[in-house]
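All remarks here apply to the structure that follows.
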Amino acid sequence: MNILDVVVLIAFLVGMVGIGYWSSKRMTTSADMFSAGGKSPWWMSGISAYMTMFSAGTFVVWGGVAYRLGVVAITVCMSMGVAALVAGYFFAGKWKASGATSAAEFVSQKYGQGVFQMYTWLGIVTRIIGVSVALYSVSVIVSSLIPMSPDSFFANEQGYFSVNWLILIVGTVIVLYTFMGGLLAVLLTDCTQFLVLMLSVCIMVPLIITQGGGTETIIANLPAGHFDIFASSYTQLFVFGWILVHVFKVGGEWAFVQRHLCVESPADARKASYLFGVLYLVTPVLWMLPPIVYSTINPNVNPEQAYILSAQAVLPMGMLGLVVSSMLAATASMASSELNVFSGALTTEFTASV
């Protein structure tokens, strides 16, 4: 990354904090903080749910699968869209019709404080681990792209930006905008991050296709089996199980339940989930094309690095910073959602005890 890429990255992080500050001026109640007052537009909730499903693992893990095996990575990612459609049909409207303002409130009122506390504290522990792993993973990738003078305060021993400092900076930004602006800030930043993600991918796809020699050349050079929709361990049974797991994830995990509850009506909750599903049925083709094409350009790299290497191969100055921002955005969206939903749960527990 050059200085222009770093400037783009810094501007992205500052912009997220700015959205949090703007949102803080529009909060007056706890309902505003944790459920956007129940007035979120359905499309904003749907995009936010879409981004919440994202993490840097989408680029690293599934990008690596796309590089090694091809179209099957698209199949697996699209299956989460099917899950969102099913969850929208069976669960989304029912959550909104329950009258609860949060999943924590619903569990507390229906099952009592014992079940609520057990679920909350177990959830907090597992989410801390999950968010930590995601933040560490993306920080390792991003820090390796920012060379620095070994004498710099922020440099590691290899002459790159320190992973520890990057985790601290990105984590602080996420905490700031989430706690300043509540769910409204999370929704707005998710929509902004969605635009950054789509812009970076839509710019990258035609460039990597050109670099690969055009569609016909790419198709001719792809390894055998790269067009198989099921391959290796990713069988029909795996995909069915993956859909089933994600139906219950989207239908019952608190961060997604929050998206069902923050809209105005059960119909809006269903529409939000349907939008989430449709986006996940369409966009995996765009995300996975760069590593698939890159396998014809450079077939001998670490698959988990294929996505970022394909970006480095084709993007002009400043645009790599946009791709890196989109990777940070994916992790930030997931982390901010968990922060907001469990801070709401702790608030519910506190108010129930006083």
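Can you go through Ser79, Ser48 and tell me which one is out of contact with any Ser or Thr (no Cβ under 8 Å at 6 or more places or on another chain) and either closer than 16 Å to Tyr274 by Cβ or among the polar types (S, T, N, Q) (or both)? Please lay out each step first, then the result.
Details: Ser48 fails: out of contact with any Ser or Thr (no Cβ under 8 Å at 6 or more places or on another chain).
Sole residue among the options that is out of contact with any Ser or Thr (no Cβ under 8 Å at 6 or more places or on another chain) and either closer than 16 Å to Tyr274 by Cβ or among the polar types (S, T, N, Q) (or both): Ser79.
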* Asked: Which condition breaks for Lys96 when tested against (1) at pLDDT below 90; (2) closer than 24 Å to Phe276 by Cβ; (3) assigned to a helix (DSSP H, G or I); (4) of a type outside the set (Gly, Ala, Ser)?
  -> (1)
* Structure fact -> Expected output for segment 119-131 (first residue in contact (Cβ under 8 Å) with a residue 40 or more places away in the chain, partner among the β-branched types (Val, Ile, Thr), Cβ below 9 Å, 6+ apart or cross-chain) is Thr120/Val107; Thr120/Thr348; Gly123/Val341; Arg127/Val341; Val131/Ile174; Val131/Thr331
* Structure fact -> Being among the small types (Gly, Ala, Ser), more than 30 Å from Met319 (Cβ to Cβ) and touching a Pro at 6+ places or on another chain (Cβ under 8 Å) narrows Ala97, Ala103 down to just Ala97
* For Gln211, state whether it is more than 29 Å from Ser30 (Cβ to Cβ), out of contact with any Lys or Arg (no Cβ under 7 Å at 6 or more places or on another chain) and without any contact (Cβ under 8 Å) to a residue 60 or more places away in the chain. => no
* Asked: Only one of (1) surrounded by fewer than 16 Cβ atoms within 10 Å (Cβ to Cβ); (2) more than 30 Å from Gly318 (Cα to Cα); (3) out of contact with any Phe, Trp or Tyr (no Cβ under 9 Å at 6 or more places or on another chain) is not met by Leu199, so which one is it?
  -> (2)
* To do: Output yes when any residue across segment 288-302 is within 30 Å of Ala103 (Cβ to Cβ) and either touching a Gly at 6+ places or on another chain (Cβ under 9 Å) or charged (D, E, K, R) (or both), and no when none is.
  => no
* Asked: Cβ-Cβ below 7 Å, separation at least six or inter-chain, first residue in segment 260-281 and within 14 Å of Val247 (Cβ to Cβ) and touching a residue at least 60 places away in the same chain (Cβ under 8 Å), second of a type in the set (Phe, Trp, Tyr) and crowded, with 20+ Cβ neighbours inside 10 Å: which pairs?
  -> His260/Trp95; Phe276/Tyr50; Tyr280/Tyr50
* Members of segment 205-227 that are within 23 Å of Met319 (Cα to Cα), part of a helix (DSSP H, G or I) and not polar (S, T, N, Q) -> Val205, Pro206, Leu207, Ile208, Ile209
* To do: List every residue pair whose Cβ atoms sit under 6 Å apart, with the two residues 6 or more apart in sequence or on different chains, where the first one lies in segment 183-200 and is outside any helix (DSSP H, G or I) and the second, anywhere, is crowded, with 21+ Cβ neighbours inside 10 Å and not polar (S, T, N, Q).
  => none
* Regarding Val175, is this residue in a helix (DSSP H, G or I) and either in contact with a helix residue (DSSP H, G or I) (Cβ under 6 Å, 6 or more places away or on another chain) or charged (D, E, K, R) (or both)? -> no
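Looking at this structure, is Val170 within 17 Å of the chain's Cα centre (by Cα), closer than 23 Å to Ser326 by Cβ, touching a residue at least 12 places away in the same chain (Cβ under 8 Å) and surrounded by 14 or more Cβ atoms within 10 Å (Cβ to Cβ)? Can you show your working first?
Numbers: within 17 Å of the chain's Cα centre (by Cα): yes; closer than 23 Å to Ser326 by Cβ: yes; touching a residue at least 12 places away in the same chain (Cβ under 8 Å): yes; surrounded by 14 or more Cβ atoms within 10 Å (Cβ to Cβ): yes.
Yes, satisfied.
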* Structure fact -> Exactly one of Ser108, Ser137 is under 30 Å from Val7 (Cβ atoms) and among the small types (Gly, Ala, Ser), and that one is Ser137
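Do any helices (runs of 4 or more DSSP H) lying entirely in segment 247-352 carry at least 1 residues that are in contact with a Ser or Thr (Cβ under 6 Å, 6 or more places away or on another chain) and surrounded by fewer than 24 Cβ atoms within 10 Å (Cβ to Cβ), and which ones are they? Steps first, please.
Numbers: elements: 254-261, 266-282, 284-297, 306-314, 319-352.
In segment 247-352, the matching helices (runs of 4 or more DSSP H) lie at 319-352.
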* Can you tell me which residue in segment 175-196 is surrounded by the most Cβ atoms within 10 Å (Cβ to Cβ), limited to those that are closer than 17 Å to Ser45 by Cβ and hydroxyl-bearing (Ser, Thr, Tyr)? -> Thr189
* **Val239 being of a type in the set (Val, Ile, Thr), touching a residue at least 60 places away in the same chain (Cβ under 8 Å) and buried (at least 22 other Cβ atoms within 10 Å of the Cβ)** => no
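So which residues in segment 31-43 are surrounded by fewer than 21 Cβ atoms within 10 Å (Cβ to Cβ), of a type outside the set (D, E, K, R) and at pLDDT 75 or above, if there are any at all?
Here is the first cut: in segment 31-43, the ones surrounded by fewer than 21 Cβ atoms within 10 Å (Cβ to Cβ) are 31-32, 37-39, 41, 43.
Now drop any that are not of a type outside the set (D, E, K, R), which leaves 31, 37-38, 41, 43.
Selection gives Gly37, Gly38, Pro41, Trp43.
The values are calculated or read from the model by the stated rules, or taken from the named source; none is laboratory data. Just so it is clear, the model here is predicted, and its values are computed rather than measured. Ideal geometry is used to build each Cβ from the backbone, glycine not excepted, and the neighbour counts take in all protein chains shown.
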